[in-house]
Structure formats: C-alpha cells, structure tokens
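Visitor: I am attaching a structure below and will ask some questions about it afterwards.
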C-alpha cells in the first residue's frame, strides 16, 4: 500500500485524511515544509498551516497557545531543533501544562546524513524522555505510522514522534496493528532478546537471520514506544531468554538502552548490551557509512548477542 512512498508523503496524506474528519488539527512549521512534506497539507487547508519561520521556540509557544484554545497542533522541525533548541518552551509551555501538542522530529540519528553534526541529533529522545507526561514514539515504516497516528491524535497529552521522512521501505503488512505503549513481538525465541526501534528494526531482523542460521533462537521485539515503557514485556523477555541486546539509532545514553536497563536492573537482572552511538557527536555521511562507523550494523548486533549469551552462562 505504501511501498515506494517516502514516509513524509504518507505522513502528509494521513494528516490530510485525519484533518478532514477533525477540524481541530492544525500544522505548524519552522520553514521546513519542503523537508517535512507538508506542502500538500497547506494546499488542502491553507488556513490550518502556520509557518513561523526559523524560530523553533516560537513554534512551540504558538503550538501551546493553540492547544489551550482547543486545537490539536502538530509542530514540525528537525530533531535537533524540535528538542535541543526549543527545550525550555517544550518543557514549560507544553509538558508542564500537559497540553496535547504533537511534536514531529524529522531525520533522527544517522538518518540526518549529509546535514551533518549540527543537525544530527543523537540525544533528542533522551532529552524528551526527561519530561513528565511526554509520550515518545518512533514508527519503523509508513504502515506503523498509519496505525499509530490516530492514537497520537487522541492521546490527551504531548507526544514526540521521531519521523524518518525519506524512508520508503515497508516491513509490515497493512493489516498489522500496533498500540502506543506496547512492545510488538516480531520473532519468538528463547536464547537472547533483541529489542529495537526505528531503522534498527531492519538491522535486528538481519541479525536474527544470521543467528538462526548459526543455531541461536533470538526473540525480536519492536519497542516503537520509548515512553511510557512496556516494562511487562521487557521483564518477561529477561526471565525467558536471560540476555538482552538493545539496538537504537540514538546515543546509548538515556534512551532505549537506558530504559531497558533500568527495568531489568530493578526487576530481573540479566546481561544487557547496548548498540547505538557511544557518546559521540554526529558528522556528515550516508547512513550506511555512519552505521558502520558507530558499530550499529547487523554484524555488531550479532556480536553483542553472543557476548550477552556468554555473560548469561
């Protein structure tokens, strides 16, 4: 259904469809409509898209004001600007006030590619995770985005979405369902658990294929919601497999790996290995190159899986 379409195009089409049914939905941009793909929304609803210019703090402030007036604002920018640059406004105007502003962060992690280190945010999810009441989701593909977006709209509080705007790959069938706050089991297994999100789902599935050929039975879990964390599923995986590898397109500090380690250490201590960026800033490069450099490939996940299983024994 969405094969061959960039996520940003699907995202805009979904928002148009949803906005036709709900006149509370409005979009706010920081002069990045071409990048985020929302020009189509502006053409369909010219009075419901506001371009505030390159002023991300103002973007969040206006979004908060619209939410107070009963609207459901979607505020968009690159991940670095939606989180780092506007964090105080997000904190006080949106999260502290528990307003239903939906924040879209485009090009998370290494997917920022040639925009380089200034635009390559490895800390955005960790920043937002600190905020009480903030929900954080990262859809893998357009199918998952389509399933989660109505839930994002109906959610009563603020939501931060990591959106891979140029992603065309579809991993899931159109009839698959997903629920915010609930980890999705992609493959069952008893030897080690691979917990992944976003673009690292594909790498984890590749790693699983390698491991199965070598006689290892991994469990693969898609943790598309970082917050609230699905502690029940993580604890069950820890008890039943005894070893965990977390793969994330983010710094290993304070996001998926940290959340899983916190749950495991408190409820069912088992070895946890974290695949992600090891305390570095980003740089210019294509995703494949950067994933090799930061040791985020399927081969790295396989190696971590064996290390985790060795620790278990």
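Visitor: Within the stretch 297-313, take every residue that is over 18 Å from residue 256 (Cβ atoms) and out of contact with any strand residue (DSSP E or B) (no Cβ under 7 Å at 6 or more places or on another chain) and give me the one that is surrounded by the fewest Cβ atoms within 10 Å (Cβ to Cβ).
Guide: Filtering first and then ranking leaves 313.
Visitor: Mind checking which residues of the stretch 154-184 are touching a strand residue (DSSP E or B) at 6+ places or on another chain (Cβ under 6 Å) and not in a loop (DSSP other than H, G, I, E, B)?
Guide: Answer for the stretch 154-184, where residues must be touching a strand residue (DSSP E or B) at 6+ places or on another chain (Cβ under 6 Å) and not in a loop (DSSP other than H, G, I, E, B): 159, 160, 161, 162, 163, 184.
Quick grid of which residues meet (1) assigned by TED's automatic domain parsing to the domain that holds residue 132; (2) part of a loop (DSSP other than H, G, I, E, B); (3) on the phi < 0 side of the Ramachandran plot:
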{"site": "27", "(1), (2), (3)": "yes, no, yes"}
{"site": "31", "(1), (2), (3)": "yes, yes, no"}
{"site": "54", "(1), (2), (3)": "yes, yes, yes"}
{"site": "58", "(1), (2), (3)": "yes, no, yes"}
{"site": "64", "(1), (2), (3)": "yes, no, yes"}
{"site": "90", "(1), (2), (3)": "yes, no, yes"}
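Visitor: Among the residues of the stretch 108-119, are any more than 21 Å from residue 164 (Cβ to Cβ), surrounded by fewer than 19 Cβ atoms within 10 Å (Cβ to Cβ), out of contact with any helix residue (DSSP H, G or I) (no Cβ under 7 Å at 6 or more places or on another chain) and not assigned by TED's automatic domain parsing to the domain that holds residue 223?
Guide: no
Visitor: Filtering the stretch 91-107 down to residues that are touching a strand residue (DSSP E or B) at 6+ places or on another chain (Cβ under 7 Å) and closer than 24 Å to residue 154 by Cβ, which residue is surrounded by the fewest Cβ atoms within 10 Å (Cβ to Cβ)?
Guide: Restricting to residues being touching a strand residue (DSSP E or B) at 6+ places or on another chain (Cβ under 7 Å) and closer than 24 Å to residue 154 by Cβ, the top hit is 100.
This table checks each residue for (1) surrounded by fewer than 17 Cβ atoms within 10 Å (Cβ to Cβ); (2) modelled with pLDDT of 95 or more.
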{"site": "31", "(1), (2)": "yes, no"}
{"site": "38", "(1), (2)": "no, no"}
{"site": "58", "(1), (2)": "yes, yes"}
{"site": "84", "(1), (2)": "yes, yes"}
{"site": "136", "(1), (2)": "no, yes"}
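Visitor: Something else now. Just to verify a result, which residue in the stretch 267-294, among those that are more than 23 Å from residue 166 (Cβ to Cβ) and in contact with a helix residue (DSSP H, G or I) (Cβ under 9 Å, 6 or more places away or on another chain), is surrounded by the fewest Cβ atoms within 10 Å (Cβ to Cβ)?
Guide: 269
Visitor: Now for a separate question. Just name the residue that is farthest from the chain's Cα centre (by Cα) out of those in the stretch 66-85 that are part of a strand (DSSP E or B) and over 12 Å from residue 52 (Cβ atoms).
Guide: Applying the filter and picking the extreme gives 72.
The values are calculated or read from the model by the stated rules, or taken from the named source; none is laboratory data. Predicted, not measured: the structure shown is a model, and the values here were computed from it. No Cβ is skipped: glycine too gets one built from the backbone with ideal geometry, and neighbour counts run over all protein chains shown.
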